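Below is one structure, written out as structure tokens, with a few remarks after it.
Any read-out appearing in this document is the output of simple, stated calculations on the displayed coordinates, not a laboratory observation. Values in this document were obtained by computation on a predicted structure and should not be read as measured data. Methodologically, a virtual Cβ is constructed for each residue, glycine included, from the backbone with ideal geometry; neighbour enumeration extends over all protein chains shown.
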Amino acid sequence: MFMIKYFFTTVVLFIGLISSTFGQSFNLDFLFNPGVTLGSEYGAPATFNDSLDFQFSKYNFQFSQPLKTKVGVKGLDLKNFSFKKLDAKASQFFLNYNFSVIQPNVTDNNQFENLYKGGFGFTAITASLKKGIWLYSANVYATENSTTLADNFTPNFRGYLANIKTKNLRTFYIFGGGLLYHQGQLIPFPLLGFKTKLAPKLRTEIILPVHVKLNYRFSKKLSLDAVAHYNGINTVYRAGSAYSNTDQTVNVRQLKTYLALNAKFSKHFKFKVEAGYSSFQRFYSWSSKTSESIGSAPYVGLSINYNFGKSVFGNFMNQAE
């Protein structure tokens, strides 16, 4: 009976993956492992309109800063936090910063300028044996080029609330929802899913509507991810403003399927290299709500992460695995 329910849930979530839902990445690794991440991604040219090629590269910086931590059991520290203690409870508050440089390019078209995406916000995490783990997050961000930054600056917002429940520290269930305000449009989205251990070295993570991951651990320092992730928010062209009805923002939607090799070099440093395929790609105009198909193309990416090692919840989740 459990396998039937598991299979049905998986099918439903995969259907959600390839729908037109706007993807909002709900990354458990980022939430439970605060630190600094530097990354880059290069996509091969993809054909559209029978004769033109589209290609873009990204360079990312992400910083999650732990500000405040409370542990409700006297004498219990971050390293030893565990729900096995009947009165265990804790809370943490983080500031999040991110900055990206996006370099889009269309054959014989110099209108696609470099874009700069920056944002900041907070994430709060509370936990207790009776209420489980609650996540609260709010972020403000903007994607601009050199012209719109001065003349048509357009801030956006993303926030969500989610509850993570567990009974045996083997499986974690996520329930919640969020709200996206992007280029003048208000878009609600669900957060439903789970993270569980399938075998001694095999784990899976499925988050509706857009994220499926299998992780195989060769050792404590080396693992392999197989991921399918639908990303619906990729601004590649900006002109005008949603606030003055002159917005001409162009977005790229894509389903990314890839393999990623994760290596841990020390207590705090991690390195990841990934290679995959971007498919179901489409240009989408926020103002006219029209779209145009783009061909599939391979891509590669790499990132390096410095983990502060100051996450109450990251510690006990990793121990549980």
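Among the chymotrypsin sites (Phe, Trp or Tyr not before Pro) in region 101-174, which ones are in a DSSP loop with at most 14 other Cβ atoms within 10 Å of the Cβ? Mind listing them?
Of the chymotrypsin sites (Phe, Trp or Tyr not before Pro), the ones in loops of region 101-174 whose Cβ has at most 14 other Cβ atoms within 10 Å are Phe153.
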Checklist entry - Listed highest first by mean packing, meaning other Cβ atoms within 10 Å per residue, what order do 50-56, 251-257 come in? => result 251-257, 50-56
Checklist entry - Which chymotrypsin sites (Phe, Trp or Tyr not before Pro) in region 203-255 pass both tests, a DSSP loop state and at most 14 other beta-carbon atoms within 10 Å? => result Phe218
Item to check | Out-of-range pairs (alpha-carbon distance over 24 Å; input Lys68/Lys131; Lys195/Lys270; Lys131/Lys256; Lys165/Lys267; Lys89/Lys165) | outcome: Lys131/Lys256; Lys165/Lys267
Next on the checklist: Just to confirm the filter: which trypsin sites (Lys or Arg not before Pro) across region 160-220 are DSSP coil and have at most 15 other Cβ within 10 angstrom of their Cβ?
Outcome noted: Lys167, Arg170, Lys201, Lys220
Checklist outcome for this item: Whole-Å distance linking the alpha carbon centroid of region 138-172 with that of region 44-64 is 21 Å
